[in-house]
Structures are given as structure tokens and as C-alpha cells.
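Okay, so here's the structure we're looking at.
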Amino acid sequence: MRRIIFCLLLNVIGLSVSAFESEVKPVRLTDGEEVMTRLCLPDSAPPRTIVFCVSGTGPSTYLMKRPKFNYCDELADGFCRQGIAFFTYDRRGCQSDDTPPLYVAVDSVKYAKYTPMQEAKDVEDLISSLLQDVRWRDCKLILYGISEGTIIASLVAERANVRVDALFLHGYAHDNMYDVIKWQNEGHGVMILVNSVFDHNGDSRVDRKEYDTPRKEMAAYKSYLFQNQPFDSLDVVKDDFIDIQDIQKMRKPFNEQLMKCITEDNGYWIKNNYFNITPQWFKTHFELEPNKTRLMRLNIPIHIFHGVKDANVPVEGVYDLEARFKVNNMQNLTIHVFESHDHGLNFVEWLTKKKWSQGYSCLFETAKELGD
């Protein structure tokens, strides 16, 4: 049940006309692996700021291709219209192709090396390569992490092997990935989505009337989330509500099987029943220090962009980090929390209305302010 909202909205059809120039080139990493990269440049004037994007979990490319659009094209357009360059890259072992739903061809041998520490090293190599170009040597570099990328970006900033002038963390992961996945697989994220669709009286649960009342906008979610099962089948604990207790009970066998397969290195089951990530990815993540303590050691500007309705990582982590910074009298954290925004900061608004959400507008404007 990971990445639910973001994956749904990224499959919505959208069309756009890009207003930037692209420089696409291969970069050789320290271990000899070669990946393709893209730097999108504003067509107005040479940039003074570069936003370097670290994507979320799983196979990804410098395009993030979808049926009728490329996600990274849309973001590049948003940043470039602010006079800011936008850098993306193929994750090791990945390249764009025409196969839905992710449109990524994966070399499983090369991709198997993808772990958080390896990704951090790869990002460092790419930043070094980028800043070796005399044209960009004096540009400010904003490291922009999305979802799992918020962990990778924070690792890179803390290691200080390359210059990072500011951190943007979108869909912020506060805790260790073990706790994040436990929270997701216990159904908390699913319940956020369920309540946003079905809960009309605001009590954080769904009664029979709310579930059975015909509403056109609910039909797709009822099918996707519950396979159109009747209310009584979903009310597992038989208290006349669908709530977190029901979801936890339904999800418990899956969560136990996932943890068993991680322990036993059963990557085949994980790929086919969860997502295309390896047991080693999980194990390495589970050993990492969480962002909530790592970020306390950084003195560069940190901006967090997070939706209250984020079903992948809880917004409470953002508030906890803010409290930690205040207690320690640290002034370099700014949080931007948006009501009714999801893990993708309501990217669907751009696809359907050609209007950037409040979250993305704030992200673009903040990048411009830091670069001025």
C-alpha cells in the first residue's frame, strides 16, 4: 500500500508545452557504472541556482515518463520559469522505455546495488560532475529530495563530501524506514486516504451509510482500495465501522510475510507482491539513523514541503522535527504544511487544471527566493 496517492495521480493524463532547454549526457560513477543525466536550463538567462532532484523509492529515470507526460518535464518547467535550472538522473540500472506503468527498463544486476548508501554516493558523484562545469561552479545548489529522496538528500548533506547550499524535503520521512514501512503496512496511510474519500462527518472512521451512499467520485476508490467488497466484509472487528483496527487486522498477514521475505532474502516475492526493491535495500535502510536526529547536525537552510493528507509518511513527523529545532534554538528549518495536500502535493491539479497547487507554487517560489 505504499506510494498510493502519488502513483494514482501520476497516471492521470496530462499534456504540457515545455519552455526550457535540455542538456542530456552520461556520467560515469566512481565504481565505473554509467548513468544518463539531464540538466534543464531556463531559456530566459543563465541560472544562478540549480535544483538537484533525488526521486522516491524504486526504479526511476531523468524523465519519470508517464502515458501522456513526463513528470520531470513538468517540474523542470515550473523551476525554469523561475529562472532556476533543474537536474535529474537515471537511477543505476534504470532507463526510460515504453512499458507501463512506470515506463522504466531495469537491469536487475545493476539495480541490485541500489541501496540508500550507494544512492548517496551516486548523488555525490553526480553533484561533483555537475559542479566541475565552469558554467555552474558558482551556482547555488539546492538538493531536493522526494519521499525516500528526503533520506538520501539528508545523508548527502550530512556527509559533506560535496557542496550543498540548501535542502528541500518533499514528503518528508522523519523516522527510520522500518518504522515508516510498519506505519504504512499497518494501514495508517491507507486510512488517511479512506477517510479523505468516505469519512464525511470527520470522526476518522467510516460507517455503513458513508460507505454505501452512492457517490460518483467514490466509485474508483471503492474499487481500488476495497475491490468493491460489501461493508460487512470490511468491518472485520464487527463494531459497525471501518477504521484503523479493521485495516490493521486485514494487513497483518501481509506485513508479517513481507518481513519474513526480507529476513530470508526472498527478493522474488517482494518484487512481485510489494515493489521492485531488494531485501538488501530494506536491510540497509533499517540500519540507518533516522532524519529526525541526522538533520539536527546540519546548519544549512532546510525547507520541508508536506501535505496534511500525506498517506505515505505522517505529517506528525514534520511537527516533531520543528519542535526539536525550537528546543535547540536552531533557526535553519522552515516547514511548509498544506491542508488537503497529498504525498505528491496535489500534482494532479497541474495535470487537470494547468494550475500549480499551493504546495508546488510555494516550492518554486522558495527556490527563487533562496537563489536571489
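The values are calculated or read from the model by the stated rules, or taken from the named source; none is laboratory data. Nothing here was measured: the structure is a model prediction, and the numbers come from that model. Here the Cβ is made from the backbone with ideal geometry for all residues, glycine too, and neighbour counts use every protein chain on show. All accessible areas refer to the heavy atoms of the entire protein, side chains included, with ligands and DNA or RNA removed. Shrake-Rupley method; radii C 1.70, N 1.55, O 1.52, S 1.80 Å.
The table that follows gives values for the structure above.
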| quantity | calculated |
| --- | --- |
| Theoretical gain in end-to-end length, residue 264 to residue 286 [0.36 nm per residue, Cα-Cα removed] | 6.4 nm |
| Electrostatic dipole magnitude of the chain [Cβ: Lys, Arg +1; Asp, Glu -1; Cα centre; debye, to 20] | 380 |
| Cut-off 15 Å between beta-carbons: net charge of the residues surrounding residue 361, Lys and Arg +1, Asp and Glu -1 | -1 |
| Cβ-based charge dipole, segment 200-299, positive-most Cα from 245, 269, 226 | 269 |
| Partner aspartates and glutamates for residue 354 [C-alpha distance under 19 Å; skip if fewer than 8 residues away on the same chain] | 73, 74, 77, 342, 365 |
| Simple spin-label estimate for residue 135 and residue 361 in nanometres, 7 Å along Cα-Cβ | 3.2 |
| Three-way shape call for segment 110-155 based on the alpha-carbon gyration tensor, with the a/c threshold at 1.5 | oblate |
| Solvent-accessible area, 1.4 Å probe, carbon plus sulfur percent, for the chain | 50 |
| Neighbourhood charge, 14 Å Cβ-Cβ cut-off, centred on residue 100 and excluding it, Lys, Arg +1 and Asp, Glu -1 | +1 |
| Point-to-point label distance, residue 219-residue 31, nm (Cα→Cβ direction, 7 Å offset) | 4.9 |
| Neighbourhood charge, 15 Å Cβ-Cβ cut-off, centred on residue 27 and excluding it, Lys, Arg +1 and Asp, Glu -1 | -3 |
| Cα gyration tensor category, rounded, prolate or oblate, for segment 264-372 with a/c compared to 1.5 | oblate |
| Gyration tensor (alpha-carbon) shape descriptor, segment 188-238, a/c threshold 1.5 | rounded |
| Projected label distance in nm at residue 327 and residue 369, using a 7 Å step from Cα toward the beta-carbon | 2.7 |
| Dipole of segment 26-92 [Lys/Arg +1, Asp/Glu -1 at C-beta], most positive-end residue of 70, 88, 29 | 70 |
| Acute angle (nearest 10 degrees) that the helix 116-132 long axis makes with the longest principal axis of the chain, alpha-carbon atoms | 30 |
| Segment 228-336: GluC sites (Glu not before Pro) in DSSP coil with no more than 10 other Cβ atoms inside 10 Å | 264 |
| The chain, helix-only ellipticity at 222 nm - DSSP H runs n ≥ 4, -39,500 (n - 2.57), divided by all residues, nearest 500 | -12500 deg cm²/dmol |
| Segment residue 204-residue 250, extension gain: residue separation times 0.36 nm, minus the distance between their alpha carbons | 14.8 nm |
| Solvent exposure of the chain as accessible area per residue, Å², 1.4 Å probe | 44 |
| Separation between Cα centres of segment 286-340 and segment 127-142, rounded to whole Å | 27 |
| Value of relative contact order over the chain, rounded to a whole percent, pairs C-alpha under 8 Å and six or more apart | 18 |
